[in-house]
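Structure first, commentary second.
The values are calculated or read from the model by the stated rules, or taken from the named source; none is laboratory data. Model, not experiment: these values are computed from the prediction. Because the Cβ atoms are built from the backbone with ideal geometry, glycine has one as well, and the counts that use them run over all protein chains shown.
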Amino acid sequence: MTSDPKIAHHPEQPYVAIRKRVKMADIPVILPPLIPQIVQWMEQHGIAQAGPVFFRYLQFDHEDQLLVDVGVPTQGPVKVSGDVVAGSFPAANYVTVTYMGDYSNLKEVHMGLEAWMKEKGLKEGGQKVEGAEYAARTEFYLTDPDEVEDPKDWRTDVVILLAG
């Protein structure tokens with residue numbers, strides 16, 4: 001089940017993340033184990049979490065490779081080290097849908113939101129990351145699967161940065 005899309009202005013939001021290049025098919029195996037790593041890094045450095053864990057899709061390439069930040073919002077900018085990177089979501093307008101269900105259906109949620117945006121004449125925005133402009137899509141995981149066992153009850157916000 002997916003909510004109706006909503007457009008809202010969001011202020012700039014800093015975050016910390018572990019950045020990984022991954023094939024789309026490998027996302028379920030490679031990215032989720034990075035969540036406890038980034039949360040543990042934050043705990044070790046006394047940094048409070050300012051929102052839900054997310055996957056931010058920074059770049060897609062022609063070989064089905066994605067550059068993804070597995071991250072957590074923070075109260076302010078953070079000095080990072082090691083495998084941890086600092087980033088921020090720009091102050092801008094975003095379109096959001098909330099999806100209830102198994103993560104395996106998120107690709108369809110993205111495609112549905114793309115179709116809705118096209119119908120409304122909305123364009124996806126972008127932000128320069130590592131020399132390429134994209135960084136427009138994020139999945140915020142509002143439910144922890146370790147706490148909510150049934151995938152039909154998992155809540156995810158799919159958020160797309162809007163152009164202009």
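Points worth noting:
- In region 79-122, the residues that are among the small types (Gly, Ala, Ser) and not in a strand (DSSP E or B): 81, 82, 91, 101, 104, 112, 115, 121
- Filter pass, residue 119 being modelled with pLDDT of 95 or more, loosely packed, with under 14 Cβ neighbours inside 10 Å and of a type in the set (D, E, K, R): yes
- Residue 91, sole failed condition from (1) under 24 Å from residue 2 (Cβ atoms); (2) among the small types (Gly, Ala, Ser); (3) loosely packed, with under 15 Cβ neighbours inside 10 Å: (1)
- Screening region 1-38 for residues that are among the polar types (S, T, N, Q) and part of a strand (DSSP E or B) and picking the one that is modelled with the lowest pLDDT gives 2.
- Positions within region 1-38 being small (Gly, Ala, Ser) and within 18 Å of residue 78 (Cβ to Cβ), in sequence order: 17
- Residue in region 12-34 that is surrounded by the fewest Cβ atoms within 10 Å (Cβ to Cβ), counting only those that are in contact (Cβ under 8 Å) with a residue 60 or more places away in the chain and closer than 26 Å to residue 92 by Cα: 12
- The number of residues in region 131-164 that are in a loop (DSSP other than H, G, I, E, B) and under 19 Å from residue 35 (Cβ atoms) comes to 9.
- Restricting region 39-59 to residues that are within 14 Å of the chain's Cα centre (by Cα) and outside any loop (DSSP other than H, G, I, E, B), the residue that is farthest from residue 78 (Cα to Cα) is 59.
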